[in-house]
Amino acid sequence: MKHSSILILALILLAPFLAGPALSATADDSRPIVQAREILNKIERGEPVEYDGVIVEGDLDLSGKTLGSVHFNDTVFQGSVNFEGTNFTEEAWFQEANYRGYACFRRAVFSGGHADFKEAKFNSQGIFWEANFSGGNVDYVIAQFSGDANFGEAVFSGGDVDFSEAKFSGSFAGFEGAVFSSSSADFWGG
């Protein structure tokens, strides 16, 4: 993970998390490699887990685990990721994350605070179908959706929602049935 911290304390219950290798190293990448199993062992022992500037190798399946704030800022997800049904009960940070494969947040619940996807890059599909943003502000400022973006039936009922200057260049950007009952929703410059 590039300049990313996974701060895992206690309180976020994650459903099926990563559906393939979390990150993988390239031949010329000198960053330290951490095995996914090492992270899972620390979580099982109830220890906080924090890594910065590392590559996580292997499947990082956090199904049924209890976690704290999640920080994936500047993370490059090489393969597809699946956060379907995940309950983020504290802040969730994905600022400048790069999703090279399918990114699924279907039915994810962001109830614990800010959900930050500022400047995130969705190179394939970004699926937020039936996601529930009730915990705080939602930020997609300058986010790029190169593939399909689906926010159908998503509920935005927390703080402000900001999609200003977000770019939707895929073949589909859907908000059908989405509910915006938060303070404000900004799509300026998108």
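With unit charges on the beta carbons (Lys and Arg positive, Asp and Glu negative) and the dipole taken about the Cα centre of region 12-186, which residue among SER169, TYR140, CYS104 sits farthest to the positive side?
The Cα lying farthest towards the positive end belongs to CYS104.
If you look for lysine pairs in region 12-186 that are eight or more places apart or on different chains, how many of them have Cα atoms under 28 Å apart?
Numbers: LYS42/LYS65; LYS65/LYS118; LYS65/LYS121; LYS118/LYS167; LYS121/LYS167.
The result is 5.
Note down the net charge around ASN150, summing +1 for each Lys or Arg and -1 for each Asp or Glu among other residues with Cβ under 15 Å from its Cβ.
Numbers: positive: ARG106, ARG107; negative: GLU84, GLU130, ASP148, GLU153, GLU176.
For residues surrounding ASN150, the net value is -3.
Given points 7 Å out from each Cα along the Cα-Cβ axis, report the PHE172 to ASN87 separation in nanometres with one decimal.
Going by the 7 Å Cα→Cβ label model, 3.0 nm.
Throughout, read-outs are computed from the coordinates displayed, never taken from laboratory work. On a predicted model such as this, the values are computed, not experimentally measured, just so you know. Positions of Cβ are backbone-derived with ideal geometry, glycine not excepted, and every protein chain shown enters the neighbour counts.
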